[in-house]
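**Student:** Below you will find the structure I want to go over with you.
The values are calculated or read from the model by the stated rules, or taken from the named source; none is laboratory data. Everything numeric here is computed off the predicted structure, so don't read it as measured data. For neighbour counting, all protein chains shown are included, and Cβ atoms are generated from backbone atoms with ideal geometry for every residue, glycine included.
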Amino acid sequence: MSVVLLKESRKDLIINQVNLHTRITLTELASTLNVSEDTIRRDINDLAEEGKLIKIRGGAMSKAYHYSSQPVESYAHESKRIIAEKAVTLLKDGMLVLMGGGTTIREFIKLIPDELKATFLTVNPLTAVELLDKPNLEIIMIGGPISRYSQMAVGGDVYQRLSEVRVDLCIMGTNALDAKEGLTDSNWETVQAKKAMIRASDKVAILAISEKMNSVMSMKVADLREIDYLVTELSATSSMLAPYQGGKTRVL
């Protein structure tokens, strides 16, 4: 038996899903909330007018993920700070590092030591700008058309350039992670960009708050066996992480 949610309760759940995944499609929200896409579209229009999210083509984006001159604290900020503290231990002088974008990546960048000497490549323009605060890093932006969905450079030229490099470490976030289904997303261009990033890397680290675990979206990015490090805010001995243990992936 389906449960019909009142409009305000439905809007609260939409905000939660948008903040959790940073961006989400109308189709996914309609399926999750068991209502029509037209209903979701009207709710998103209302929430955008109220300043609670950013309306994008085919869905919605968290205000914390969208560029703004006014700082907005990200969802689950403390969890993301813990993840960043763990992930920064993977960095070493002389590394060639490939990075994505997102609110967890922003926390990670803040904690990169000023004395670190390394080269960072990114397909995300906001990541490139934020890395400029680190005085000893060389920063290379792999450019192309920018996806409004993911704020990443996408397209054939980007994938070709990524195929011509081999980096020591790739660090990226994810919209959904499951022990069986691996990394998934809901945007074709974003999926192709992330696949190209993984192929270009000797090691891959995924930064994810635990709320994104055990969730699946419509398009496959990678199997869990392609991931070398899974970094969450949880203790490595947490029972929630048990399904992700035991294979190639090291849980931090």
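**Student:** Would you check which residues across the range 1-36 are part of a helix (DSSP H, G or I) and farther than 27 Å from residue 209 by Cβ and list them? Outline the logic, then answer.
**Tutor:** Taking the range 1-36 as the starting set, the residues that turn out to be part of a helix (DSSP H, G or I) are 7-21, 26-33.
Hit for the range 1-36 is 7, nothing else.
**Student:** Condition first: among the hydroxyl-bearing types (Ser, Thr, Tyr) and either within 29 Å of residue 24 (Cβ to Cβ) or touching a residue at least 40 places away in the same chain (Cβ under 8 Å) (or both). Can you find one or more residues in the range 117-130 that meet it?
**Tutor:** yes
**Student:** Let me ask another. Given the conditions (1) among the small types (Gly, Ala, Ser); (2) surrounded by 14 or more Cβ atoms within 10 Å (Cβ to Cβ); (3) more than 17 Å from residue 218 (Cβ to Cβ); (4) out of contact with any strand residue (DSSP E or B) (no Cβ under 8 Å at 6 or more places or on another chain), report the number of the one that residue 30 does not fulfil.
**Tutor:** (3)
**Student:** Further question: Here is a list: 217, 240. Which entry is assigned by TED's automatic domain parsing to the domain that holds residue 107, part of a helix (DSSP H, G or I) and touching a helix residue (DSSP H, G or I) at 6+ places or on another chain (Cβ under 8 Å)?
**Tutor:** 240
**Student:** Which condition number does residue 129 fail, the rest of (1) at pLDDT 95 or above; (2) out of contact with any helix residue (DSSP H, G or I) (no Cβ under 9 Å at 6 or more places or on another chain) being met?
**Tutor:** Condition not satisfied by residue 129: (1).
**Student:** Separate question: Read through the list (1) in contact with a helix residue (DSSP H, G or I) (Cβ under 7 Å, 6 or more places away or on another chain); (2) surrounded by fewer than 18 Cβ atoms within 10 Å (Cβ to Cβ), then give the number of the only condition that residue 83 fails.
**Tutor:** (2)
**Student:** May I pose another question? Go over the candidates 220, 248, 203 one by one and state the one that is surrounded by fewer than 17 Cβ atoms within 10 Å (Cβ to Cβ), out of contact with any Ser or Thr (no Cβ under 8 Å at 6 or more places or on another chain) and at pLDDT 95 or above.
**Tutor:** 203
**Student:** Still on this structure, please answer the following. Among the residues of the range 73-123, which ones are modelled with pLDDT of 95 or more and polar (S, T, N, Q)?
**Tutor:** 89, 119, 122
**Student:** Quick check on the range 171-199: of everything there that is among the small types (Gly, Ala, Ser) and within 25 Å of residue 246 (Cβ to Cβ), which residue is surrounded by the most Cβ atoms within 10 Å (Cβ to Cβ)?
**Tutor:** 173
**Student:** Please verify whether the range 10-26 includes one or more residues that are in contact (Cβ under 8 Å) with a residue 12 or more places away in the chain, exposed (fewer than 15 other Cβ atoms within 10 Å of the Cβ) and polar (S, T, N, Q).
**Tutor:** Among the residues of the range 10-26, not one is in contact (Cβ under 8 Å) with a residue 12 or more places away in the chain, exposed (fewer than 15 other Cβ atoms within 10 Å of the Cβ) and polar (S, T, N, Q), which makes the answer no.
Every residue, every condition in (1) assigned to a strand (DSSP E or B); (2) touching a strand residue (DSSP E or B) at 6+ places or on another chain (Cβ under 9 Å); (3) under 18 Å from residue 221 (Cβ atoms); (4) β-branched (Val, Ile, Thr), yes or no:
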residue: 139; (1), (2), (3), (4): yes, yes, no, yes
residue: 157; (1), (2), (3), (4): no, no, no, no
residue: 162; (1), (2), (3), (4): no, yes, yes, no
residue: 165; (1), (2), (3), (4): no, yes, no, yes
residue: 183; (1), (2), (3), (4): yes, yes, yes, no
residue: 191; (1), (2), (3), (4): no, yes, yes, yes
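**Student:** Right, another one. For the structure I just gave you, tell me whether residue 144 is outside any strand (DSSP E or B) and over 18 Å from residue 174 (Cα atoms).
**Tutor:** Yes.
**Student:** For the range 156-170, give me each residue that is touching a residue at least 12 places away in the same chain (Cβ under 8 Å) and either surrounded by 15 or more Cβ atoms within 10 Å (Cβ to Cβ) or of a type in the set (S, T, N, Q) (or both).
**Tutor:** Answer for the range 156-170, where residues must be touching a residue at least 12 places away in the same chain (Cβ under 8 Å) and either surrounded by 15 or more Cβ atoms within 10 Å (Cβ to Cβ) or of a type in the set (S, T, N, Q) (or both): 158, 159, 161, 162, 163, 167, 168, 169, 170.
**Student:** When the range 37-57 is examined, which residues are found to be at pLDDT below 85 and part of a loop (DSSP other than H, G, I, E, B)?
**Tutor:** Hits for the range 37-57 are 51, 52, 53, 57.
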